[in-house]
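Following: one structure in C-alpha cells, then a few remarks.
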C-alpha cells in the first residue's frame with residue numbers, strides 16, 4: 001500500500017517536490033512538503049506537462065547557477081510575494097513558463113483544450129509567465145481582462161488572444 005506521500009508523488013512523475021515549494025519548506029519538511037500542495041493542482045500541473053509536451057519551469061532554485069525562481073509555487077509568510085488571500089499560499093496555484101512557447105501560446109492551448117484540465121479554474125493574463133489555479137469556482141476565471149482590471153469572458157478573451165497571436 002502506498003503512503004500518502006508516495007501517492008502524491010505518483011500524481012506528478014515529471015516534477016520534483018522542490019519545483020513546487022520554496023527552499024525553506026523543502027529544508028524543513030523534505031518529501032512531506034508535497035502535502036502542502038493541493039491534489040487538484042498536482043493533477044493539473046502534470047496534465048499541462050503531458051499535453052504541452054514541453055518542459056515547464058516552476059521553481060528552479062536548486063538547478064539555477066544564480067538565484068533562480070523560488071516563489072512560483074507555494075508561498076509562505078516569509079515570501080516577499082506572500083498574501084493571505086493568494087491561492088499560492090494554500091498550494092492551489094503555480095506560475096510557470098514552458099520551453100519554446102510564449103505565455104500566450106500556452107494560454108491558447110489551455111483555452112482550446114479546457115476539457116483536459118477539469119480542475120483549472122483561474123488563468124491570469126497580461127504577464128510573461130502562466131498563472132493557473134484550482135480555485136473553487138464553477139467556471140474558469142480569467143483575470144485581468146486585457147487593458148482593464150476586470151475579469152474577462154472566456155469566449156471574448158479567446159477571440160482576442162487568437163487575433164493577437166496572428167499579428
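Scanning segment 15-32 for residues that are crowded, with 19+ Cβ neighbours inside 10 Å and in contact (Cβ under 8 Å) with a residue 40 or more places away in the chain turns up 15, 18, 19, 20, 21, 22, 25. Residue-level check: of (1) over 18 Å from residue 70 (Cα atoms); (2) touching a residue at least 40 places away in the same chain (Cβ under 8 Å); (3) surrounded by 18 or more Cβ atoms within 10 Å (Cβ to Cβ), residue 12 misses just (2).
For every residue, the table says whether it meets (1) at pLDDT below 90; (2) in contact with a strand residue (DSSP E or B) (Cβ under 7 Å, 6 or more places away or on another chain); (3) surrounded by fewer than 17 Cβ atoms within 10 Å (Cβ to Cβ); (4) within 25 Å of residue 136 (Cβ to Cβ).
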| position | (1), (2), (3), (4) |
| --- | --- |
| 7 | no, no, yes, yes |
| 35 | no, no, yes, yes |
| 38 | no, no, no, yes |
| 73 | no, yes, no, yes |
| 102 | no, no, yes, no |
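Scanning segment 78-89 for residues that are touching a residue at least 12 places away in the same chain (Cβ under 8 Å) and either under 17 Å from residue 165 (Cβ atoms) or in contact with a helix residue (DSSP H, G or I) (Cβ under 9 Å, 6 or more places away or on another chain) (or both) yields 78, 79, 87.
Restricting attention to segment 9-33, the residues that are touching a strand residue (DSSP E or B) at 6+ places or on another chain (Cβ under 9 Å) and under 17 Å from residue 74 (Cβ atoms) total 3. The residues of segment 40-56 that are more than 21 Å from residue 135 (Cβ to Cβ) and surrounded by 13 or more Cβ atoms within 10 Å (Cβ to Cβ), listed by number, are 52, 54. Do the conditions hold for residue 108, that is, is it farther than 19 Å from residue 15 by Cβ, outside any strand (DSSP E or B) and touching a residue at least 40 places away in the same chain (Cβ under 8 Å)? Taking the combined requirement at face value, the residue satisfies it.
Of all residues in segment 82-105, those satisfying the criterion of being over 24 Å from residue 22 (Cα atoms) and part of a helix (DSSP H, G or I) are 104, 105. Does residue 68 fit the bill of being more than 13 Å from the chain's Cα centre (by Cα) and not in a helix (DSSP H, G or I)? The answer is yes for residue 68.
Yes or no, residue by residue, for (1) modelled with pLDDT of 90 or more; (2) crowded, with 16+ Cβ neighbours inside 10 Å; (3) in contact with a strand residue (DSSP E or B) (Cβ under 7 Å, 6 or more places away or on another chain); (4) assigned to a strand (DSSP E or B):
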{"residue": "119", "(1), (2), (3), (4)": "yes, yes, no, no"}
{"residue": "123", "(1), (2), (3), (4)": "yes, yes, yes, yes"}
{"residue": "126", "(1), (2), (3), (4)": "no, no, no, no"}
{"residue": "139", "(1), (2), (3), (4)": "yes, no, no, no"}
{"residue": "142", "(1), (2), (3), (4)": "yes, yes, yes, yes"}
{"residue": "145", "(1), (2), (3), (4)": "no, yes, yes, no"}
{"residue": "149", "(1), (2), (3), (4)": "no, no, no, no"}
{"residue": "156", "(1), (2), (3), (4)": "no, no, no, no"}
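Scanning segment 1-23 for residues that are outside any loop (DSSP other than H, G, I, E, B) and more than 18 Å from residue 94 (Cβ to Cβ) yields 4, 5, 6, 7, 10.
The values are calculated or read from the model by the stated rules, or taken from the named source; none is laboratory data. Quantities reported herein were computed from a predicted structural model and do not represent experimental measurements. Backbone-built Cβ (ideal geometry, glycine too); neighbour counts: all protein chains shown.
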